[in-house]
Amino acid sequence: MSTPLKVTAWLAAPLVGDPPHLDALCEWVVSQYAVSIERTLSGSGDPLRHQEIADCPHRSQRAPRCGAMPIPIDRVKLSDDVIVSRCSSPLFRTDYEYVDHFAMRIDAGNVGPLMAETGPQTIQHGSTATKAMFRPLRVRVVERVVWFCVAHGSQSGGTKRSPQGCLRKVLREIAGLGKKVAYGYGRVAKWEVEPFHADWSWFAPSDAGPVLMRALPRRLIELPERLQGYRESFGAVAPPYWHPERYMEIVEPC
Amino acid sequence: MSINRTYDILCVSKATSPITHNRGSEGNETIVSQEAVATPHGIRWVPVLSGNAIRHRMIREPGARFLVDRWGLMGKMELRTLQFLFHGGSLDSGDSNESVARLKTWWRLFPLIRVIGGALPNLIVGGSIHAWRGIMVCRENENRLRTMVPADWMPEGHLLPADRMMGRYQYVRQDAGRTVPDMAETKLMALDEKSGQMIYSGQCVNSGAAFVHGFRLRSATPLDLGCLLLSLGLWEKENGTIGGMAAKGHGRLEMLARVTPDADQTELVKAYAAHVESVKDEAIAWLHSEFGAPREPKKKGKVKA
C-alpha cells in the first residue's frame, strides 16, 4: 500500500551545487545493486554491460527506458514514454552562502627527485597537463534537505517491508549530496523517513492556491486552477534529468 | 571473484603541533581554513580540514610513493606520469574516448587510482572514495558530531568553543648580514644597510585540538581497502602532517581509526602489497605506453667549428 512520506537528509557538511531529485538518487542506488547482481549471476565482469544496467549512459548514448529501474517511490504513467515519480523537488533553506576554493599544484620540490633526467625539466604551472588550479566553489550552509513523496512497500518470500523500510534501505547507501562529495561536501549525517499526513509530492496546499512541488510535463498534465509558484521552462521530469533526450516543455517550481 | 561492498573508516585525529591549514592571507598574516556552521546562535566560522587536502596527504601521496618505491621508478618518470600518480592526471587531449579495455587494465593494475580516481590524457574516471572534511571537535559542531561519532567516542562534559582552540604563530626570517657578518666578503655593509629581517605571523589551530574525519569506500574490493589502509599507515609512519609549514613542525596529527565492517587489516595490507609486486612489470609497461617512456640521453655529437 502506498503511503505519503517526508524524507529528510540532515547534512554534516556544507553543500556545493544543488541537491538531486529523490527518484534519481533511488534509481542510482538500485542500479548499483543491479550491477552487482548481474556480475554475480553472469560472472562476466563486463563494464559495458554494467553501464547499460547501471542506467548511466554516456551523453551520446540513448537514454534508458523511463521507469525501467524499480524504486520504492510510486510513479504515474502520463504517456508511453513519460513516467513521473510521485516525489517533490528537493526543498532546503540556505542559512549562509560563501565561496570556497579547491586547489591543485604539482610541486617541483616534491616530485623533482622522481623525474627522469632526460625529459623536460620545467614544470608549466600556467598551461599544459601540469597547469595549477585554484577554482572557486559556491558553498551553501544547509541544515537539511527535505523531499515529500509517496512510496510503496515490498514483499519478497516471506519478508514484508514497509514503505519507510524500503526507502530507508535504499537511502542509507547515499553518503553525500551535491557536487564535490569526494572532498566531503554535502555529507549526509542522517536520513529520516517519516509518515506524512498528506500527499505533497506534486502539489502542496496554500491559502493562495496549490503550490507546484516538482517539474511536470506542460502538455501532458492539466494544471490545477490558481496554481502558485511555477514557471514554464524546458527540462526533464524523470531520471537521468541531465540527459538531452529527456528534455521537453515543462512547468517547474520557482 | 572479489566481493564489492561499502567500507566506512572513521578517524579522530588530535593535533600534536599547531595546525596551519590555511585558506589565504589578510595583509601579511595567514588565515586558517574555516567553514561556516549554522548554530542556534547564528552562523559561526569554525576551522576545518578540507577533504581534498586529507585525501591527498593521507592517501594519494603515500600510496603513490609506495608504488614508486616498490617498482623502482625513482628518477625514471616523465612529468606526465608523475602528474597522473601524484595529482590524478589531466584530461588534456582533444580526442576523448572511453575505452573499456583500458579502464579494466587501469583498475586491475592500480587499485590506488581506482580508489581515488584520476585522468589519462583522454579518459577521466571518478574514484570510489568519499573523504570527509575534518570537523573540529568543538561546541559549534556538537550536533553534527553526535550524528557521526559513536557515543563512547564523544568527550565527556561541555565542548569548548572553537575560538578557544585558535592561536597564533610568529616567526622571524633573519638577516644574514647581521647574524653572520664575519662570513661576508666585505664587512660593509651590514650595519649601515637597512635590515632584511622579516617577521611573519598568522593564525593556527592549537595543539590538542581534535578533528573527526573519515572515508567511505563505495563498491570497493578488499584490495581497495588494503590500498587505503596501507596509505594511511605510511602517512602515519612518516609523521603524518596536514596543512602547511610541516618543515617547521606544524600540522602533526595523531590518528585513531575504526574500519566498518571489521576486517583483518594486516592481511589486507599484505594482500595489496603482494598485488603491487605481482603487477610490477605490467604496470610499468602500461605507464610507459600511456605517458611515454623516459627518453634516452642524447649522445654528444661533434661540435663543428
* Out of all the residues in the stretch B:50-70, is one or more more than 7 Å from chain A (Cβ to nearest Cβ) and on the phi > 0 side of the Ramachandran plot? -> no
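I'd like the residue in the stretch A:224-246 that is aromatic (Phe, Trp, Tyr) and surrounded by 14 or more Cβ atoms within 10 Å (Cβ to Cβ) and, out of all such residues, is nearest to A:Gly178 (Cα to Cα). Explain how you work it out, then say what you get.
Filtering the stretch A:224-246 down to residues aromatic (Phe, Trp, Tyr) leaves A:230, A:234, A:241-242.
Filter once more, keeping what is surrounded by 14 or more Cβ atoms within 10 Å (Cβ to Cβ): A:230, A:241.
Working: A:Tyr230: 23, A:Tyr241: 14 Å.
Top of the filtered list is A:Tyr241.
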* Asked: Just one of A:Ser206, A:Ser233 is among the polar types (S, T, N, Q), in a loop (DSSP other than H, G, I, E, B) and farther than 30 Å from B:Ala36 by Cα; which is it?
  -> A:Ser206
* To do: Identify the single condition in (1) in a strand (DSSP E or B); (2) of a type in the set (A, V, I, L, M, F, W, C); (3) surrounded by 12 or more Cβ atoms within 10 Å (Cβ to Cβ) that B:Leu159 does not satisfy, given that it satisfies every other one.
  => (1)
* Identify, please: which residue in the stretch A:105-140 is charged (D, E, K, R) and in contact with a strand residue (DSSP E or B) (Cβ under 7 Å, 6 or more places away or on another chain) and is, among those, farthest from the other protein chains (Cβ to nearest Cβ)? -> A:Arg138
* Which of the residues belonging to the stretch B:89-110 are β-branched (Val, Ile, Thr) and in contact (Cβ under 8 Å) with a residue 40 or more places away in the chain? -> B:Thr105
* Can you run down the residue pairs with Cβ atoms below 7 Å, 6 or more apart or on separate chains, where the first is in the stretch B:111-125 and within 11 Å of chain A (Cβ to nearest Cβ) and buried (at least 18 other Cβ atoms within 10 Å of the Cβ) and the partner is among the acidic types (Asp, Glu) and assigned to a loop (DSSP other than H, G, I, E, B)? => B:Pro121/B:Asp92
* Does B:Gly88 count as in contact with a His (Cβ under 8 Å, 6 or more places away or on another chain), surrounded by 15 or more Cβ atoms within 10 Å (Cβ to Cβ) and either closer than 27 Å to A:Phe134 by Cβ or assigned by TED's automatic domain parsing to the domain that holds B:Cys227 (or both)? -> no
* **Check on A:Phe134, in a strand (DSSP E or B), closer than 30 Å to B:Leu217 by Cα and at pLDDT below 90** => yes
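Suppose we keep only residues that are in a loop (DSSP other than H, G, I, E, B) and within 12 Å of another protein chain (Cβ to nearest Cβ) within the stretch B:27-40. Which one would you say is modelled with the highest pLDDT? Even if it seems obvious, please write down each step before you answer.
The initial filter retains those residues of the stretch B:27-40 that are in a loop (DSSP other than H, G, I, E, B), namely B:27-28, B:33, B:40.
If we keep only those that are within 12 Å of another protein chain (Cβ to nearest Cβ) as well, we get B:33, B:40.
Details: B:Ser33: 94, B:Pro40: 86.
Of everything passing the filter in the stretch B:27-40, B:Ser33 is modelled with the highest pLDDT.
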* Structure fact -> Across (1) touching a residue at least 40 places away in the same chain (Cβ under 8 Å); (2) closer than 21 Å to B:Pro40 by Cα; (3) out of contact with any helix residue (DSSP H, G or I) (no Cβ under 8 Å at 6 or more places or on another chain), B:Arg146 clears everything bar (1)
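The values are calculated or read from the model by the stated rules, or taken from the named source; none is laboratory data. Since the structure is predicted, the reported quantities are computational estimates derived from the model, not experimental observations. All Cβ positions, glycine included, derive from the backbone under ideal geometry; neighbour counts span all protein chains shown.
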